[in-house]
Protein chains: 2
Amino acid sequence: VAGTDHGKASDESLPAPVFVLVAPQMGENIGAAARAMWNFGLDRMRLVAPRDGWPNPRAEAMASGARRVLDRLRLATTTAEACADLTYVFATTARERSLTKLVVTPEHAMAEARAMTAAGERVGVLFGPERAGLETADIVRANAVVSVPVNPGFGSLNLAQCVLLIAYEWQRSAGVATPPDYRLAGARLATGLEVDRFVEHLVERLDDVEFFFPEHKRPSMIAHLDNLFRRAPLTDADIRTLHGIVRALAVKVPGRG
Amino acid sequence: VAGTDHGKASDESLPAPVFVLVAPQMGENIGAAARAMWNFGLDRMRLVAPRDGWPNPRAEAMASGARRVLDRLRLATTTAEACADLTYVFATTARERSLTKLVVTPEHAMAEARAMTAAGERVGVLFGPERAGLETADIVRANAVVSVPVNPGFGSLNLAQCVLLIAYEWQRSAGVATPPDYRLAGARLATGLEVDRFVEHLVERLDDVEFFFPEHKRPSMIAHLDNLFRRAPLTDADIRTLHGIVRALAVKVPGRG
């Protein structure tokens, strides 16, 4: 593998897979693939015999913001050369092949890649040229095939889209929990007591206008309100707003309250 | 929502989310979004006030193969109109907003969407215009925000890429198990007995040439071979090939065997 590290130093010790673009045609697509990778923190690309040579101004223009990926890339003249130091290689392909191969989903592949790179293995993912895809000889070289489970009646992922989905699954495989989260705009969630006090305030004012009628339905009606104001998490700011609304709306009935 | 169903009949009874493109600018991007959706079997798109009007020849040219999505699409003049019949709406946005909103991953969003649509809810996903993204007013309308967890230092998904990732997660949420699978090219996996017989054959021929030396290491060396030929699943065809190789290589030593 002929190294062409210009710019930042390459840090091959970080465990992450290498994406190998085999015989890419359009410079724009190389740039778009670089962007797709860097969106998910991947920056190790290798190019095998790019049609228009290297460097490629169109690739650089398209990669803007993800130049880091191009600055670190390595050129190779053959797939064998690009894979020489890799210990496990996935080949991306949608087309059916007459080969006996392990076929995995992107999710499975990147979970495996995560485990293997953590154990010191050097993992690569091969992407074929636009339209034609990988040649059989390149797929033979791979240890497994990654296949995106697209609509059987319509599978039309372009090179950068395929790179994007695999890179996305790499990021997902980190298992960095991104659970559902309430993004709070300069606020904190209201406490149970704050909600209680608001509901009490509301009920008081509603009692003022004899809202709860007939009397025997009062408990269930209050439970309904209580539930309603607990369905969505409210912030302390929301609670203040609600108090304000109730105060503004409530007509103080003379002789009551 | 002004329906513009030309071509195939719309079947709104199928449980799947609607993708709402708000104020898209380039026809090409509308076409690319249609392709991205249809790759994962989604065909319900709505357009809110597309900049260049509708129909759009560039969208149609780009969508080729996914024309079905454009044929079924609905036009609306406002986001409110496009969402009028929806009961749960996700807004896709990468930008930080000064709103208190539930923020979920694409995976979580589409798992929720799968459950909700199955229960009869009408779910939509809003996508903002290129570059600018959704306006705050549109995000307010949504019940939750979907945020793709991109590289904090570089998030540059274009419209069709964002649509692609959400559509991909919709497909994944089907839970249609796509376990790792050996794609067998006109062959079946070899039975244990077939592998046994091959290893026996190999050991016989290796014994002919006194391969296992010293004698006390013979069992562990055979175990190693046994293990080696069981690591990768072999097909019946592979076994025949291996027998052939051993036969071809083995030199029949006179006076032995």
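The values are calculated or read from the model by the stated rules, or taken from the named source; none is laboratory data. Just so you know, these numbers come straight off a predicted model, no measurement behind them. Backbone-built Cβ (ideal geometry, glycine too); neighbour counts: all protein chains shown. Keep in mind that these areas ignore ligands, DNA and RNA; they rest on the heavy atoms of the full protein, side chains included. Shrake-Rupley method; radii C 1.70, N 1.55, O 1.52, S 1.80 Å.
Of the residues B:84, B:23, B:32, which is within 22 Å of the chain's Cα centre (by Cα) and not basic (Lys, Arg)?
None of the others qualify; the one that does is B:32.
Only one of the numbered conditions (1) outside any loop (DSSP other than H, G, I, E, B); (2) at pLDDT below 90 is violated by residue A:85, and that is (1).
Residue-wise test of (1) open to solvent by less than 30 Å² (accessible area, probe 1.4 Å); (2) more than 20 Å from residue B:135 (Cα to Cα); (3) at pLDDT below 90; (4) part of a loop (DSSP other than H, G, I, E, B).
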residue	(1), (2), (3), (4)
B:75	no, no, no, no
B:80	no, no, yes, no
B:91	yes, no, no, no
B:95	no, no, yes, yes
B:99	no, no, yes, yes
B:103	yes, no, yes, no
B:108	no, yes, no, no
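Please work out which residue is nearest to the chain's Cα centre (by Cα), limiting yourself to the stretch A:137-186 and to residues that are of a type in the set (Val, Ile, Thr) and at pLDDT 85 or above. Ranking the qualifying residues of the stretch A:137-186, first place goes to A:166.
Of everything in the stretch B:47-88, what is closer than 26 Å to residue B:137 by Cα and among the basic types (Lys, Arg)? Give them in sequence order. Result: B:51, B:74. In the set (1) under 22 Å from residue B:154 (Cβ atoms); (2) under 23 Å from the mean Cα position of the chain (by Cα); (3) open to solvent by 70 Å² or more (accessible area, probe 1.4 Å), residue B:131 fails one condition alone, (2).
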